[in-house]
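Okay, so here's the structure we're looking at.
The values are calculated or read from the model by the stated rules, or taken from the named source; none is laboratory data. Small disclaimer: the values here were computed from a predicted structure and weren't measured. All Cβ positions, even for glycine, are placed from backbone atoms using ideal geometry, and neighbour counts span all protein chains on display. We work out accessible area using only protein heavy atoms, side chains counted, and drop any ligands, DNA or RNA first. Shrake-Rupley method; radii C 1.70, N 1.55, O 1.52, S 1.80 Å.
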Amino acid sequence: MTQSKRQVHVIGAGPAGLMAAERLAQAGLNIVVHERMPSVARKFLMAGRGGLNLTHSEPLDRFLTRYGPAQASVSRWIDAFTPADLTAWVEGLGQPTFVGSSGRVFPDAMKTSPLLRAWLARLEGLGVEIRTRSRWTGWRDGTLVFETPDGERLERPDAVVLALGGASWPRLGSDGAWKPWLEGAGVAVAPFRPANVGFDLAWSPLFRDRFAGQPLKGVAVTHGNKTARGEAMIARYGLEGGAIYALSAALRTSVETDGQADVRIDLKPDVAVGKLTDRLSKPRGKASLSNHLRKVVGLEPVAVALLYEVGPLPVSPRALAERIKAMPLTLKGVQGLERAISSAGGVALEGVDKRLMLTARPGVFVAGEMLDWEAPTGGYLLQASFASGVQAARGLMAWLDSRD
Ligand SMILES: Cc1cc2nc3c(=O)[nH]c(=O)nc-3n(C[C@H](O)[C@H](O)[C@H](O)COP(=O)(O)OP(=O)(O)OC[C@H]3O[C@@H](n4cnc5c(N)ncnc54)[C@H](O)[C@@H]3O)c2cc1C
């Protein structure tokens, strides 16, 4: 039988699944995509709400380090679909891109919807059939079982791509309910844990009510020997934002093992402590200390108030400068999966081969966030999700070829 007659079902219509579907359809296979929600790619659309960060422009060797212990596996996928390939693909869908000041890559439109519309039109042109409200519920005697509004439907395609997402923001569709079904089929699945998530911290009621929702911009957050620059956002429950997310894997481990995670926030990372001391030593006349801090150091009101959160301010300019350079805070808990940007855990990378085929289930390929890798925000999540879709599609075609 030729490949053009082969039928492949892709389960999960997020970035990973739709990318696999595109590549497989371009190769002439018959593709059906199943999505449990009434519409596709809800998390991808949500990712565009605050500016769709597609990938990052930093050198590839640095880029790949962002995947930590999963770097060796993720590098293979990103080899198959690099950040430059992703940018070209987005532009090929009529969406120009730009590199932001932090090196992050965005579509000019900033949001997902125009890109997704163009992509769905391309998939339709390729003959891809998308079935929404079609929820995969596992296997029965080797047959895929789907719950649909018309009742149960059984399918036995030539091969399958599972791209069911992780377990964060479950109301968008990826709820991780598949974990026991895969475990029942002999596949190792690591427990889900929140990633790129906020941490609990008991603010004083006064500080919380006045400053929740305000960012500490351009700070450096340190935990152990790791430092992340960027924004830390005051939340009612604690702290969130890019600099916190970048450290979230290490912070989560500390909270899990020690019950807390200590961080130090440098509110003026580009000014040395000596220089700050000089500035703070200037006579302040009748100005209050808060105003003096704003004027001579350039601290925003939220940063000044934060300095008071850990106790009365030291009197000596040197000690005050040291507090500004290393504000100690203790994080006590991790926010849940419901509001985490991504999840760690999922299908163990040891359980798939280089083609991303499950060793326990030949003919079943896995892509996207449902695999056990994690990365900080910065475009690394979408890049790896798209790239694994490409890798799974390539692997699947190679596997079909090897059987012919
Ligand atoms: C608020 C927010 C902002 C984000 N911003 C960014 C960003 O700017 N940059 C970035 O790189 N990443 C960002 N991400 C992360 C990024 O969106 C995800 O990493 C990416 O969507 C993962 O793609 P995926 O295809 O693996 O899974 P998903 O996008 O989760 O897609 C999986 C699909 O499978 C479907 N599904 C699940 N179970 C079943 C089933 N049993 N049967 C049928 N269908 C099923 C789900 O409904 C879902 O549509 C953000 C995430 C969130 C929540």
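A few remarks follow.
- Among the residues of the range 1-45, those identified as touching a strand residue (DSSP E or B) at 6+ places or on another chain (Cβ under 9 Å), near the ligand (Cβ under 6 Å from one of its atoms) and charged (D, E, K, R) are Glu35, Arg36.
- Within the range 220-244, residues that are among the aromatic types (Phe, Trp, Tyr) reach partners that are part of a strand (DSSP E or B) and at pLDDT 95 or above with beta carbons closer than 9 Å, at six or more positions or on different chains, in the pairs Tyr237/Phe199; Tyr237/Asp200; Tyr237/Gly333.
- Candidates are the residues of the range 119-150 that are open to solvent by less than 30 Å² (accessible area, probe 1.4 Å) and free of Cβ contacts under 8 Å to residues at least 60 places away in the same chain; the one that is farthest from His34 (Cα to Cα) is Thr143.
- Of the residues making up the range 257-272, those that are farther than 16 Å from Glu231 by Cβ, without any contact (Cβ under 8 Å) to a residue 60 or more places away in the chain and open to solvent by 40 Å² or more (accessible area, probe 1.4 Å) are Thr257, Asp258, Ala272.
So that you can scan it fast, the table gives a plain yes or no per residue for (1) more than 30 Å from Met370 (Cα to Cα); (2) modelled with pLDDT of 95 or more; (3) in contact with an Asp or Glu (Cβ under 7 Å, 6 or more places away or on another chain); (4) assigned by TED's automatic domain parsing to the domain that holds Gly176:
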residue	(1), (2), (3), (4)
Gly259	no, yes, no, no
Asp270	yes, yes, no, no
Val273	yes, yes, yes, no
Leu276	yes, yes, no, no
Ser281	yes, no, no, no
Asn291	yes, no, no, no
Ala303	yes, yes, no, no
Glu309	yes, no, no, no
Thr330	yes, yes, yes, no
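- Taking (1) within 16 Å of the ligand (Cβ to nearest atom); (2) outside the structural domain of Glu155 (by TED's automatic domain parsing) in turn, Lys295 satisfies each apart from (1).
- Neighbours by Cβ (under 7 Å, 6+ apart or cross-chain): first from the range 373-400, among the charged types (D, E, K, R); second not in a helix (DSSP H, G or I): Glu374/Ala195; Glu374/Ser342; Glu374/Ala344
- Where strands (runs of 3 or more DSSP E) fall entirely within the range 322-404, those with at least 3 residues that are within 13 Å of the ligand (Cβ to nearest atom) are at 342-347.
- Among the residues of the range 199-241, those identified as hydrophobic (A, V, I, L, M, F, W, C) and in a strand (DSSP E or B) are Phe199, Leu216, Val219, Ala220, Val221, Ala228, Ala232, Met233, Ile234, Leu239.
- Top-ranked residue of the range 338-352 - restricted to ones that are open to solvent by less than 40 Å² (accessible area, probe 1.4 Å) and not small (Gly, Ala, Ser), ranked as nearest to Ser73 (Cα to Cα): Leu349
- Filter result for the condition that a residue is on the phi > 0 side of the Ramachandran plot, open to solvent by 10 Å² or more (accessible area, probe 1.4 Å) and in contact with a Phe, Trp or Tyr (Cβ under 7 Å, 6 or more places away or on another chain), over Gly100, Gly51, Gly28: Gly51
- Matching residues, the range 59-79, being over 15 Å from the mean Cα position of the chain (by Cα) and buried (at least 20 other Cβ atoms within 10 Å of the Cβ): Ser73, Trp77, Ile78
- When the range 151-175 is filtered for residues that are free of Cβ contacts under 8 Å to residues at least 60 places away in the same chain and either assigned to a strand (DSSP E or B) or open to solvent by less than 40 Å² (accessible area, probe 1.4 Å) (or both), the ones remaining, listed by number, are Gly151, Glu152, Arg153, Leu154.
- Test: Leu144 is closer than 18 Å to Ala20 by Cα and either in contact with a Leu (Cβ under 7 Å, 6 or more places away or on another chain) or not in a helix (DSSP H, G or I) (or both): no
- The C-beta contact set for the range 56-85 (first residue assigned by TED's automatic domain parsing to the domain that holds Ala348, second residue open to solvent by 40 Å² or more (accessible area, probe 1.4 Å), distance under 6 angstrom, 6+ apart or interchain) comprises His56/Arg104; Ser57/Val99; Leu64/Gln71.
- The set of residues from the range 288-319 being in a helix (DSSP H, G or I), farther than 20 Å from Val219 by Cβ and open to solvent by 60 Å² or more (accessible area, probe 1.4 Å) comprises Asn291, Arg318.
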